[in-house]
Amino acid sequence: MFSKGNVGLSVRPSRGEIIPFPPFEKPRPIGYFSIVGGILREYEPNAQQLRYYRPPPSQKYPLDLNEGLSLAIKKPETVQEEGLDHLLKFIFDNRERLTRSLSACDNRKRLIAEFVCWRGLLRLLMCTPYEYRSDWSIVVTRFNGTFFLWKRDTDIDKLQRSQETEQQRTFASWGFKFEQYCLTESPFLEPDTSAPVDECSEFSCLFTTKIGGLDVLYGAEMDGIVSEQPILLDDNPAYLEKLKFVEVKVRQINLNRNQIQSYKRHKTRNWWCQSFLVGIQDIYMGLRNEQGQVERIEHVEVRSLPKQGINQWTPNVCATFLIDFLNYIKSIMSEVNCPYTVYDFYFNSRRGTVTYECIRGKNEYSFLPDYYIKLMNSKNNSKKQ
């Protein structure tokens, strides 16, 4: 069964309007997991993929991002099909502290958060008021009082991926290779750049925050931390909140006028939203030439990015639209409480509009796995079962 409608939200910012920054609590990390096993991408409830930022010594420069390029272990095309699975596995492992009974007489479980998603989806929403090139589709279902959000591939996404040029794939691989030059398993060891780059493995954290009074739980892949001493996180998980996470990026060193404008309009906005959502304050940016040789690393303070993007975008508009959109979901789906009823919200970047479709009954849009639905509806959810 289908129903359609238009989202009554103002997507584009009004010119000259001054919007205050909305209530946005500092994100707090509450857990972590690793993705290992190359293209198998197996979930592990540990910190084995935690990495330390250690800049290469001066004699290593220039850093050749083409080294071992053909041997890299690429992410499989099926990675999009993972959906929220890794997040839900974390919730399964930590259900005693992340869930509560629906009521005194109903043992079915609901999450302590109102919204669950990946950080990338929140970043996508924050950037939407200034997005004129790319459409998106976000599917939402409400189950036991919690809204689950997932970015679904549009036909345009699939077409663009199938038409990626060799140069575009190379640029993406250069980013992973630069990470290998800067990130190491131990702060006492130099990064090992001789092994093939594994683009499939990840270290991810789960964060909670209040966004305009809304409780949000989301996962985010983290590049690395800064620490002079090894952190035995599995032995002391409470240390997670004390870690200083950093982002590692690559950018061309010599930009022409149009590229500078694009950097200020797009990159600074994307990087700020991405970092802000997980409380990161520092980005280490490798400056490369057109041949893929990194000549130096530049330290960028995240707080400086809005100043670089001045007159192009503002954090206030980004954060406000995110809150408005989540509140709209909450209002329009307030009567929904079925894991198989899905609302598909579609953003048309050319028109600057969001429309939605409601699809009822189990269908191709349903994305919550059966094991998770069974878990949350179980009469006995203790870890002893």
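Just a few scattered comments:
- Charge dipole of the chain about the Cα centre (unit charges at C-beta), most positive-ward option of Ala113, Thr268, Ser204: Ala113
- Region 309-385 - charge dipole about Cα centre, Lys and Arg +1 at Cβ, Asp and Glu -1, debye rounded to 20: 360
- Whole-angstrom gap from region 205-260 to region 315-360, using each part's C-alpha centre: 26
- Within a Gaussian network of the chain (alpha carbon springs, distance under 10 Å), most fluctuating of Arg269, Arg95, Arg119: Arg95
- Each stretch of four or more DSSP H residues adds -39500 (n - 2.57); spread over every residue of the chain, this sum gives -7000 deg cm²/dmol at 222 nm.
- Highest mean packing comes first when the peptides 9-16, 278-285 are listed by Cβ atoms within 10 Å, giving 278-285, 9-16.
- Report note on the peptides 313-325, 226-238: ranked by the mean count of other C-beta atoms within 10 Å, highest first, their order is 313-325, 226-238.
- For Lys374, a cut-off of 18 angstrom between C-alpha atoms picks up these aspartates and glutamates, skipping any fewer than 8 places away in its own chain: Asp85, Asp93, Glu96, Asp106.
- Charge dipole of the chain about the Cα centre (unit charges at C-beta), most positive-ward option of Leu69, Val139, Tyr53: Val139
- Cα-based shape type of region 34-79, given that a ≥ b ≥ c are square roots of the gyration tensor eigenvalues and the cut on a/c is 1.5: oblate
- Once the Cα gyration tensor of region 167-324 is diagonalised, semi-axes √(5λ) in Å: 26, 25, 13
- Given +1 at the Cβ of Lys and Arg, -1 at the Cβ of Asp and Glu and no other charges, the dipole of the chain around its Cα centre is 1280 debye to the nearest 20.
- Rounded to the nearest Hz, the phi-derived 3J(HN,Hα) couplings of region 239-249 under the Karplus curve 6.51 cos²θ - 1.76 cosθ + 1.60 (θ = phi - 60°) are 6, 3, 5, 8, 6, 9, 7, 9, 9, 10, 10, where x marks glycine and proline.
- Cα gyration tensor shape of region 121-247, rounded if a/c is under 1.5, else prolate or oblate by comparing a/b with b/c: oblate
- With all pairs of different C-alpha atoms in the average, the Kirkwood value for the hydrodynamic radius of region 296-382 is 17.2 Å.
- Stretching the chain fully between Asn6 and Glu190 yields a gain of 60.9 nm (0.36 nm per residue, less the alpha carbon separation).
- Calculated P(r) of region 2-377 - Cα pairs past 25 Å, %: 58
- Of all lysines in the structure, those lying under 27 Å Cα to Cα from Lys264, and not within fewer than 8 positions of it along the same chain, are Lys26, Lys151, Lys177, Lys244, Lys249, Lys307.
Throughout, read-outs are computed from the coordinates displayed, never taken from laboratory work. Remember, predicted model here, so these are calculated numbers, not experimental data. No Cβ is skipped: glycine too gets one built from the backbone with ideal geometry, and neighbour counts run over all protein chains shown.
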